[in-house]
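Step one of this worksheet: look at the structure below.
Read the figures in this text as sums done on the coordinates, not as results from a lab. Bear in mind the structure is a predicted one, so any value in this text is a computation, not a measurement. With ideal geometry, Cβ positions are generated from the backbone for all residues, glycine too; neighbour counts draw on all protein chains shown.
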Amino acid sequence: MLTQTRMKKLRIEFEETVALVNNFTEPIPADILLKLYAYYKIANANFDNPGSKTPLINAFKANALFQAKNMTKKKAMKAYIELVEKELK
């Protein structure tokens with residue numbers, strides 16, 4: 001189990017990585033975006049319905065969340081960071 005200090009460091013690294021993605025100027029492949037979306041939602045315990053006006057996009061987002069549904073917040077944050085480091089850095 002992570003100590004509070006380690007969890008805080010993980011949260012900071014996660015938030016910095018999210019900021020990097022939000023400021024990324026190159027196109028990000030859809031499959032990567034969907035994984036990032038699911039990891040982000042799980043890490044923030046935000047399970048609201050996808051907000052797109054396009055039903056197909058909502059279906060893809062819901063599917064991505066479903067595929068990652070058994071992740072803990074901690075694992076989701078780590079997966080988000082690792083995916084960004086692998087695919088975008």
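See the values below:
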{"item": "Overall dimensions of the chain by Cα: Rg and Dmax, Å", "result": "13.2, 41"}
{"item": "Length-normalised contact order for the chain - Cα pairs under 8 Å, 6+ apart - percent", "result": "41"}
{"item": "Among 46-56, 17-27, 32-42, 61-71, the order from most to least packed when residues are scored by Cβ within 10 Å on average", "result": "32-42, 61-71, 17-27, 46-56"}
{"item": "Distance between the range 1-23 and the range 24-89 - C-alpha centres, whole angstrom", "result": "16"}
{"item": "Gain on full stretching of the segment that runs from LYS8 to THR54 - 0.36 nm per residue minus C-alpha separation", "result": "13.0 nm"}
{"item": "Computed label-point distance, nm, for sites THR72 and ALA30 using a 7 Å Cα→Cβ extension", "result": "3.4"}
